[in-house]
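The values are calculated or read from the model by the stated rules, or taken from the named source; none is laboratory data. All values derive from a computational prediction rather than experimental measurement. Reconstructed Cβ throughout: ideal geometry from the backbone, glycine too, with neighbour counts over all protein chains shown. Please note that ligands, DNA and RNA were not included when accessible areas were found on the heavy atoms of the full protein model with its side chains. Shrake-Rupley method; radii C 1.70, N 1.55, O 1.52, S 1.80 Å.
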Amino acid sequence: MSAVRSFKQELVGVFGFPVAENPTQAMIEPAFAALGLDWRYLTVEVRPEQLADAVRGARAMNWRGFNCTIPHKIAVIPHLDQLSQVAEAIGAVNCVVARDGRLIGDNTDGKGFLQSLRSLCAIPGLNVTILGAGGAARAVAVELACAGAAKLTVVNRTGPRGQELARDVQARTGVPTTFEKWEGEYPVPADVDVLVNATSIGLYPDLDGRPQVDFGHVAPSLIVCDVIPNPPHTKFLREAELRGLKTLDGLGMLVHQGVIGIALWTGLAADPELMRTALRDALGA
Ligand code: NDP
């Protein structure tokens, strides 16, 4: 008598546009396999005008959830049934979970960053400067404030966007958050503990791009972080390393938001080291 195995596979994935350079499938599917799950993570190109249909399709096919990347993180919200508190505070969704037929939008980007940063320091009491005021900066700022950072500074090229982020984070969390307009080289103050590049400067193919900052007065203990996952070793981080500063790359954030997503979809704890290795291989890094 031969055993009959089940060929039913559970589906999750990522909706983005374009998706050619999205590497997340390469780290999520090996993590599913290592957990003994017969699940697939599909990379799906969804044009902005077809997002509503794509979400309806995910519902119809009983997907267990999906990630959203650029340009869908805000646009997806009206198509969901509920938001987590954090997604509400950030105003963007990168991870959707299907529960009892309802689609719940969450945001795991900031928590992924925090988890990565915790490998270098404790969060409570930190004075953090964040370069940028887009979705990644917002996710990082909200989570840092909720985790006990003492003071945040948002530095952004476009004034109103940076002002709005600083105002919003302070109003929601009570953590003192100031805005500084970014003109020329931003002089990083000596009392900053952690500096985060949360702009898109340095993202492939902008390999020579580097946020314009002056490291001349920083403390030797400054930790310099980049959210850019591709390439992981950005010009910004290389320059900080040459000055003897500790650095944190964007791969850790990507890996840990993936670990959190897998936990939300499956209830299981994936192995971040396995995922980081798979991601590095996929990026040729
Ligand atoms: P947004 O488009 O929402 O924001 C981009 C930010 O970068 C804005 O603040 C913008 O400033 C700033 N910026 C862009 N170009 C310049 C420039 N030449 N000079 C100064 N400022 C600039 O993007 P996101 O926040 O969604 O994403 C930012 C980066 O974060 C992306 O590269 C993405 O890959 C990365 N990311 C990484 C994740 C990870 O897991 N590692 C997760 C999520 C995102 P302005 O407001 O003036 O336009």
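Summary table below
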{"read-out": "Residue 277 vs. criteria over 28 Å from residue 98 (Cβ atoms), away from the ligand (no atom under 13 Å from the Cβ) and in the same structural domain as residue 70 (by TED's automatic domain parsing)", "value": "yes"}
{"read-out": "Residues being more than 16 Å from the ligand (Cβ to nearest atom) and within 20 Å of the chain's Cα centre (by Cα) - total across the stretch 40-63", "value": "4"}
{"read-out": "Residue within the stretch 169-182 that is away from the ligand (no atom under 13 Å from the Cβ) and at pLDDT below 95 present", "value": "yes"}
{"read-out": "Positions within the stretch 216-234 being surrounded by fewer than 22 Cβ atoms within 10 Å (Cβ to Cβ) and outside any loop (DSSP other than H, G, I, E, B), in sequence order", "value": "223"}
{"read-out": "Subset of the stretch 44-98 (residues that are more than 28 Å from residue 141 (Cβ to Cβ), touching a Pro at 6+ places or on another chain (Cβ under 9 Å) and open to solvent by less than 50 Å² (accessible area, probe 1.4 Å))", "value": "52"}
{"read-out": "Residues (in a strand (DSSP E or B) and not small (Gly, Ala, Ser)) located in the stretch 80-109", "value": "82, 83, 95, 96, 97, 99, 102, 103, 104, 106"}
{"read-out": "Members of the stretch 112-150 that are out of contact with any Asp or Glu (no Cβ under 6 Å at 6 or more places or on another chain), in a loop (DSSP other than H, G, I, E, B) and away from the ligand (no atom under 16 Å from the Cβ)", "value": "121, 122, 123, 124, 125, 147, 148, 149, 150"}
{"read-out": "Residues of the stretch 198-215 classified as more than 8 Å from the ligand (Cβ to nearest atom) and surrounded by fewer than 21 Cβ atoms within 10 Å (Cβ to Cβ), total", "value": "8"}
{"read-out": "Candidates 227, 188, filtered to the one that is outside the structural domain of residue 87 (by TED's automatic domain parsing), of a type in the set (A, V, I, L, M, F, W, C) and within 10 Å of the ligand (Cβ to nearest atom)", "value": "227"}
{"read-out": "Hey, residue 251 within 11 Å of the ligand (Cβ to nearest atom), closer than 19 Å to residue 197 by Cβ and part of a helix (DSSP H, G or I) or not", "value": "yes"}
{"read-out": "Residue list for the stretch 254-284, filter: outside any helix (DSSP H, G or I) and within 19 Å of the chain's Cα centre (by Cα)", "value": "269, 270, 271"}
{"read-out": "Tally, over the stretch 181-197, of residues that are assigned to a loop (DSSP other than H, G, I, E, B) and either open to solvent by 10 Å² or more (accessible area, probe 1.4 Å) or of a type in the set (S, T, N, Q) (or both)", "value": "8"}
{"read-out": "Matching residues in the stretch 31-41 - criterion: being exposed (fewer than 15 other Cβ atoms within 10 Å of the Cβ) and either in contact with a Pro (Cβ under 6 Å, 6 or more places away or on another chain) or closer than 20 Å to residue 105 by Cβ (or both)", "value": "none"}
{"read-out": "Pairs with Cβ under 7 Å, 6+ apart, first in the stretch 177-199 and over 18 Å from residue 113 (Cα atoms), second within 16 Å of the ligand (Cβ to nearest atom) and of a type in the set (Asp, Glu)", "value": "185/214; 186/214; 187/214; 188/214"}
{"read-out": "Test: residue in the stretch 2-14 that is in contact with a helix residue (DSSP H, G or I) (Cβ under 8 Å, 6 or more places away or on another chain) and in a loop (DSSP other than H, G, I, E, B)", "value": "no"}
{"read-out": "The stretch 154-164: number of residues that are under 14 Å from residue 199 (Cα atoms) and either open to solvent by less than 50 Å² (accessible area, probe 1.4 Å) or away from the ligand (no atom under 15 Å from the Cβ) (or both)", "value": "4"}
{"read-out": "Number of the condition not met by residue 169 [criteria: (1) out of contact with any helix residue (DSSP H, G or I) (no Cβ under 6 Å at 6 or more places or on another chain); (2) open to solvent by less than 60 Å² (accessible area, probe 1.4 Å)]", "value": "(1)"}
